[in-house]
Amino acid sequence: MKCKKDLIIDAAIDLFAEQGFSDTSTAEIAANSHVAQGTVFYHFKSKEGILHEVLHQLLQETIDAHNSIDKSRHTGHQCIEQLLRKDLAIVQQHKKKVKTLIRDMSAAQREGDLCRNQLNTFLEHKIALLCLFLRKGIADGSIRPLPIEETAWFLDAAFYGVTHVQLLKEIPIPDINEHAIQLCLSALAPSAPPPKHHEV
């Protein structure tokens, strides 16, 4: 059975997704989560605080998934593939939450410093991990020589861009997640050796 805090988060995300962050009141959140409005404020200082708690939970779940990658048993290329797939799995599992955060976080500026600090800490973690895997891959031969930091930032930006398009575009588009992962992995892989020419 879910605790009251989780019930409030679930109700808030449903309302934010349906009618938008700005048009949702704490009274509606309380009614939909079947708690008193005072209970909402007991767990969260403000409506914005709910979004920041969702952000914290998603970022922590992603960090835990990253930390579960067995770096000692895989090549750098395989580690990056695992990271991309773990990130995608979390987005797929929490589509409504991720969509709401991308769309409505800019409306929740009252506690902006907290949000920025969380995102900056997460980005530092992810970029450092990508750089580690890139160096490992270049050393073990599974990744071609590339500028480390620039490539790490590109991989993160590519993932965010695909997520943004998939979740927020109003027009129907095909599922491009697997295609995006394969493109990134192909771009990292060492170039295939040129075909041998046999003398006639």
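The values are calculated or read from the model by the stated rules, or taken from the named source; none is laboratory data. Here the structure is a predicted model, which means the values were calculated and not measured. A quick note on method: Cβ atoms are made from the backbone with ideal geometry, for glycine too, and the neighbour counts reach across all protein chains shown.
Tabulated data
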| quantity | calculated |
| --- | --- |
| Tabulated pairs, segment 50-76, first of a type in the set (S, T, N, Q), second not in a loop (DSSP other than H, G, I, E, B), C-beta under 7 angstrom, 6+ apart or interchain | T62/D87; T62/I90; T75/G137; T75/D140 |
| First in segment 181-197 and closer than 16 Å to L83 by Cβ, second anywhere and modelled with pLDDT of 95 or more and assigned to a loop (DSSP other than H, G, I, E, B), Cβ under 6 Å, 6 or more apart | L188/I143 |
| Some residue of segment 94-112 being without any contact (Cβ under 8 Å) to a residue 12 or more places away in the chain, assigned by TED's automatic domain parsing to the domain that holds K169 and under 25 Å from H179 (Cβ atoms) | no |
| Qualifying residues in segment 87-105 (those that are within 27 Å of E149 (Cβ to Cβ) and out of contact with any Phe, Trp or Tyr (no Cβ under 7 Å at 6 or more places or on another chain)) - the one modelled with the lowest pLDDT | M105 |
| Residue within segment 76-87 that is assigned by TED's automatic domain parsing to the domain that holds I181, surrounded by fewer than 18 Cβ atoms within 10 Å (Cβ to Cβ) and not in a helix (DSSP H, G or I) present | no |
| Every residue from segment 61-75 that is surrounded by fewer than 16 Cβ atoms within 10 Å (Cβ to Cβ) and more than 20 Å from I138 (Cα to Cα) | E61, I63, D64, N67, S68 |
| Helices (runs of 4 or more DSSP H) within segment 1-63 that include 2 or more residues within 26 Å of L123 (Cβ to Cβ) and either within 25 Å of the chain's Cα centre (by Cα) or in the same structural domain as K126 (by TED's automatic domain parsing) (or both) | 4-19 |
| Segment 148-190: number of residues that are exposed (fewer than 10 other Cβ atoms within 10 Å of the Cβ) and either closer than 20 Å to I90 by Cβ or modelled with pLDDT under 80 (or both) | 6 |
| Positions within segment 114-132 being more than 15 Å from the chain's Cα centre (by Cα), more than 17 Å from A158 (Cα to Cα) and either in contact (Cβ under 8 Å) with a residue 12 or more places away in the chain or not assigned by TED's automatic domain parsing to the domain that holds E61 (or both), in sequence order | L114, L132 |
